[in-house]
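Just below is one structure, and these are the notes that go with it.
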Amino acid sequence: MSAPQPLLEVEDLVKHFPVKGGLFGREVDRVHAVNGVSFSLAQGETLGLVGESGCGKSTTGRCVLRLIEPTSGEVRLEGRSVTAMGRAELRAAARDMQIIFQDPYASLNPRMTVGAIIGEALVIHELAQTPAEHEARVVELLRTVGLHPDHARRYPHEFSGGQRQRIGIARALAVSPRLIVCDEPVSALDVSIQAQVINLLEDLQERFGLTYLFVAHDLSVVEHISDRIAVMYLGRIVEVAPARELYTSPQHPYSEALLSAVPIPDPSVRRKRIVLQGDVPSPIHPPSGCAFHTRCPYRKDPVCSSELPPLRDLGGGRQVACHLRG
C-alpha cells in the first residue's frame, strides 16, 4: 500500500527581501531570509520549527499561508498548489489554514469586542446563517478555549496575556481549519501561563485532529508538543528528527550547540556546554558552502567552506545537512 499523501508539502521555498537605498530607492541588495526550505506534514502531526532569532522560521510559516508572498518554491495543501492560487481560491483555502500570532497584545484589534474578533471569520466565510447561529458559535468557541461566554462583550485590553492568546486561538478555530501555523504562540507569556496554553493546544489537536507547524525558539517548549523537529540556521533546515531522538542524539553541530544551552532540572546531570565562536553571519551576504562553517567547531576545509551540504536522509525519519555526519 502507498503511504497517505501529506497534508502539507513545502518544496524548495525561498524568500528574499529587497534592501533599497540611494536617492531613488532602488534595490541594492537582498536579505536571504529563507533559502530552499523543504518539509512535509502529515494530518494530525506537529512539526516544531526551531532556531535562533532571524533564522527565517517565522517567515517560513507566513510564506506557507501566503501572508508573505514567497520568492520561489511551492507549497501544496493536500496536493493543491497554494502558491499558484488566485485571490478567490486562496481566500477559500484560508478555511483550511490559519495562524496563531506571537504577540497577543498586538494581534487583536483593540476597537473590536472579543465576540466581533472571533466572529469576523464567520461573517467573511458565511459560516453562520442567522445572528442566533453566529452568537451560538462564538459562545461555543469561547468555551472551547476555556473562556466565559460573557467575555464576548468585552474588549481585548480587559484581559491578561494568556486570556488574549486564548482569544487568538478561538479566532483561528472559528473556520474549523486543518492546519494551524503557531508563530511562537507562548514566547510573550509568563512561564506559568505557557504550560496552560501548550496543554490547551494539545487538547484541541486531539479533539479536532489539527495539524500544527509550531514555530519557536524555546527548545523545551518544542520538545513537549512536537512529534518531529526541524532545526533552522540562516534560512536553511540543517536537521530534521523525531523530537525525542533530536534531544538525545543530535546529529548536526548546530543542533548540539542549541541543546547544550537548554537548562536541565536535575542538578546531578551535567551537560557539556558548547559555546559557539563568532556571530551569526549576515543574511544579506550568507557564507559560501555550509552556512554554519564560520562557527562550526568540527569544520573541515575546503569542503565545508565551498560545498553546500544537501539534507541527507539517515533513515528513521532523520535528515541532516552536514558533510561530516551521516
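The values are calculated or read from the model by the stated rules, or taken from the named source; none is laboratory data. Every value quoted in this text rests on a predicted model; they were computed, and no experiment measured them. Methodologically, a virtual Cβ is constructed for each residue, glycine included, from the backbone with ideal geometry; neighbour enumeration extends over all protein chains shown.
Output the residues belonging to region 268-284 that are out of contact with any helix residue (DSSP H, G or I) (no Cβ under 7 Å at 6 or more places or on another chain) and surrounded by 11 or more Cβ atoms within 10 Å (Cβ to Cβ).
Val280, Pro281, Ser282, Pro283, Ile284
Considering each of Arg154, Arg137, Arg178 in turn, give the residue that is touching a strand residue (DSSP E or B) at 6+ places or on another chain (Cβ under 9 Å) and modelled with pLDDT of 95 or more.
Arg178
Just to verify a result, which residue in region 139-162, among those that are free of Cβ contacts under 8 Å to residues at least 24 places away in the same chain and outside any loop (DSSP other than H, G, I, E, B), is farthest from the chain's Cα centre (by Cα)?
Ranking the candidates gives Asp150 first.
Scan region 205-218 residue by residue and report those that are surrounded by 19 or more Cβ atoms within 10 Å (Cβ to Cβ) and either outside any loop (DSSP other than H, G, I, E, B) or β-branched (Val, Ile, Thr) (or both).
Taking region 205-218 as the starting set, the residues that turn out to be surrounded by 19 or more Cβ atoms within 10 Å (Cβ to Cβ) are 210-216.
Thr211, Tyr212, Leu213, Phe214, Val215, Ala216, listed by residue number.
When the residues of region 31-84 are narrowed to those that are over 14 Å from Ile237 (Cβ atoms) and in contact with a Phe, Trp or Tyr (Cβ under 6 Å, 6 or more places away or on another chain), which ends up surrounded by the fewest Cβ atoms within 10 Å (Cβ to Cβ)?
Val31
Which one of these does Gly48 not meet: (1) in a strand (DSSP E or B); (2) farther than 30 Å from Leu127 by Cβ; (3) out of contact with any Lys or Arg (no Cβ under 9 Å at 6 or more places or on another chain)?
(3)
Failed condition for Arg30, given (1) in a strand (DSSP E or B); (2) more than 30 Å from Ala261 (Cβ to Cβ); (3) in contact with a helix residue (DSSP H, G or I) (Cβ under 8 Å, 6 or more places away or on another chain), with all others met?
Here Arg30 clears every test but (3).
Suppose we filter Val191, Val186 for residues that are modelled with pLDDT under 95 and within 28 Å of Arg66 (Cβ to Cβ); which single one remains?
Matching residue, one of Val191, Val186: Val186.
Would you check if there is a residue in region 226-247 being over 26 Å from Arg325 (Cα atoms) and either aliphatic (A, V, I, L, M) or loosely packed, with under 12 Cβ neighbours inside 10 Å (or both)? Don't jump to the end; show me each part of the working.
Looking only at region 226-247, we keep the residues that are over 26 Å from Arg325 (Cα atoms), and these are none.
No - not one qualifying residue is present in region 226-247.
Looking at region 196-249 only, could you name the residues that are in contact with a strand residue (DSSP E or B) (Cβ under 8 Å, 6 or more places away or on another chain) and among the basic types (Lys, Arg)?
Within region 196-249, Arg228, Arg236 qualify.
Condition (residue is more than 25 Å from Ser187 (Cα to Cα) and assigned to a strand (DSSP E or B)) applied to region 79-89: is it met by at least one residue?
yes
Please enumerate the residues belonging to region 168-188 that are touching a helix residue (DSSP H, G or I) at 6+ places or on another chain (Cβ under 6 Å) and surrounded by fewer than 21 Cβ atoms within 10 Å (Cβ to Cβ).
Within region 168-188, Val175 is the sole residue that qualifies.
Could you check how many residues of region 109-136 are more than 12 Å from Arg171 (Cβ to Cβ) and in a helix (DSSP H, G or I)?
Our first condition is that a residue be more than 12 Å from Arg171 (Cβ to Cβ); within region 109-136, this holds for 110-111, 113, 123, 125-136.
Filter again for in a helix (DSSP H, G or I), leaving 123, 131-136.
Result for region 109-136: 7.
Listed here are the residues, each with its yes/no results for (1) among the small types (Gly, Ala, Ser); (2) without any contact (Cβ under 8 Å) to a residue 40 or more places away in the chain; (3) outside any helix (DSSP H, G or I).
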{"position": "Glu245", "(1), (2), (3)": "no, no, no"}
{"position": "Glu256", "(1), (2), (3)": "no, yes, no"}
{"position": "Pro281", "(1), (2), (3)": "no, no, yes"}
{"position": "Pro297", "(1), (2), (3)": "no, no, yes"}
{"position": "Ser305", "(1), (2), (3)": "yes, yes, no"}
{"position": "Pro309", "(1), (2), (3)": "no, yes, yes"}
{"position": "Leu314", "(1), (2), (3)": "no, no, yes"}
{"position": "Arg325", "(1), (2), (3)": "no, no, yes"}
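Condition first: on the phi > 0 side of the Ramachandran plot and out of contact with any His (no Cβ under 9 Å at 6 or more places or on another chain). Now tell me which residues in region 171-212 satisfy that.
Ser176, Gly209, listed by residue number.
Is it the case that Ile99 is within 25 Å of the chain's Cα centre (by Cα) and in a helix (DSSP H, G or I)?
no
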